[in-house]
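Just so it is clear, none of the values below were taken in a lab; they were calculated from the coordinates. Source: prediction; values computed, not measured. Please note: Cβ atoms are built from the backbone with ideal geometry, for glycine as well, and neighbour counts cover all protein chains shown.
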Amino acid sequence: MRQEKTYLTKEYLARLNASPFFIVVDYKGLKVGHMTELRKRLHKAGAEIHVVKNSIFRVAAKEAGVADLNGSLTGQLAVVTGQKDISAAAKVVKTFGAEFDRLKIRFGYLNNQRLADTDLLALADLPSIEVLRGQLLGVLNAPMTKLVVLLNTPATQMARVLQARVEKG
């Protein structure tokens, strides 16, 4: 392998190892301006996209411990990686693909587990991690709030009875 290809392979390997996920997309027919807009949107979501040569990415993925990708890497592909939430990146890619109809999700990996395009689209429909944490906190907080109200009710009723007695007499 030539020195340039070895350098690129190491660069992609470092990106794959630094990211808990990657999403492979087909960008055939996407214009440079649209790709720039996609990069900006992904940056806001804590992710980035890089156009990759299939043979170089295949070697980098193999070195990263990803299962065999021989049949999956065809056409013009780009790889989305990130440090944060896969659902946020998938949401950006899904929305962008719906707007411009040129970007297609092929497959992805999350913690070395392969995800089909349908799995990634389902992840894109999930709320953000902050919203999910808030919902979980609400679910955990509701029983405690009801318990406090339940324990407080007899004392409140007793105070009302005493207050009515004082006002009456």
remark   = Going through Lys62/Lys104; Lys5/Lys44; Lys40/Lys104 one by one, the pairs whose alpha carbons sit over 25 Å apart turn out to be Lys5/Lys44
ask   = What is the local net charge at Lys104, summed over the other residues whose Cβ is closer than 12 Å to its Cβ (Lys, Arg +1; Asp, Glu -1)?
value = +1
message = Under a Cβ-only charge scheme (Lys and Arg +1, Asp and Glu -1), can you give me the dipole magnitude of the chain about the Cα centre, in debye to the nearest 20?
response = 200
task = Enumerate the aspartates and glutamates that Lys28 could reach by cross-link, defined here as Cα to Cα under 20 Å, with residues fewer than 8 away along the same chain left out.
result = Glu37, Glu48, Glu99, Asp101, Asp117
key: Nearest-0.05 FRET efficiency for Gln76 and Gln3, computed from C-beta distance (R0 30 Å)   = 0.75
